[in-house]
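Before any comments, here is the structure.
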Amino acid sequence: MKTLLTFTAIIEALTGLALIVASSLLSEVLLGQTINETQGIIIAMVAGVALCSLAAGCWFLREDAAASGMVKALVCYNAGIVFIFVFSMLTTELRSIPFALVAFFHFGCAVWCGMILKN
């Protein structure tokens with residue numbers, strides 16, 4: 001569980017920071033379009049802060065043997081990301097390789113969480 005929480009903390013903190021400081025660039029890499037509207041940039045920055053908060057929770061709980069509640073929350077988070085990305089790929093023009101890789105990455109993380117909870 002410690003490895004999962006440490007890994008998640010690092011990845012989500014980096015992603016959150018990228019959303020805060022370079023949301024338009026990250027959007028261009030994942031979606032093929034930059035964020036031009038001020039409102040979109042603000043929403044991306046808020047999402048970045050949320051990811052940094054998730055990362056902090058994982059980091060602070062990584063030494064706690066009873067952190068299964070956080071792992072359960074990560075299952076919901078990762079499954080939700082997979083759903084949103086797959087739905088978007090099926091219903092919109094968003095079909096870039098980086099976009100699909102993010103979906104596969106979160107699917108793998110959800111499976112990893114499930115395996116930890118099963119043990």
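Cβ separations smaller than 7 Å between residues 6+ apart or across chains give the following pairs from region 22-45 residues that are on the phi > 0 side of the Ramachandran plot to residues that are at pLDDT below 95 and among the small types (Gly, Ala, Ser): Gly32/Ser96.
Applying the criterion of being in contact (Cβ under 8 Å) with a residue 60 or more places away in the chain and not in a helix (DSSP H, G or I) to the residues of region 64-98, the residue that is surrounded by the most Cβ atoms within 10 Å (Cβ to Cβ) is Ala67. All of (1) within 18 Å of Ser96 (Cα to Cα); (2) assigned to a helix (DSSP H, G or I); (3) out of contact with any Pro (no Cβ under 9 Å at 6 or more places or on another chain) hold for Thr34 with one exception: (2).
Has region 4-12 got at least one residue that is modelled with pLDDT of 95 or more, part of a helix (DSSP H, G or I), under 25 Å from Met89 (Cβ atoms) and in contact with a Gly (Cβ under 7 Å, 6 or more places away or on another chain)? Checked against the condition, which is being modelled with pLDDT of 95 or more, part of a helix (DSSP H, G or I), under 25 Å from Met89 (Cβ atoms) and in contact with a Gly (Cβ under 7 Å, 6 or more places away or on another chain), region 4-12 yields no hits at all.
The values are calculated or read from the model by the stated rules, or taken from the named source; none is laboratory data. These numbers were taken from a predicted model, which means no experiment stands behind them. Cβ atoms come from the backbone with ideal geometry, glycine included; neighbour counts cover every protein chain shown.
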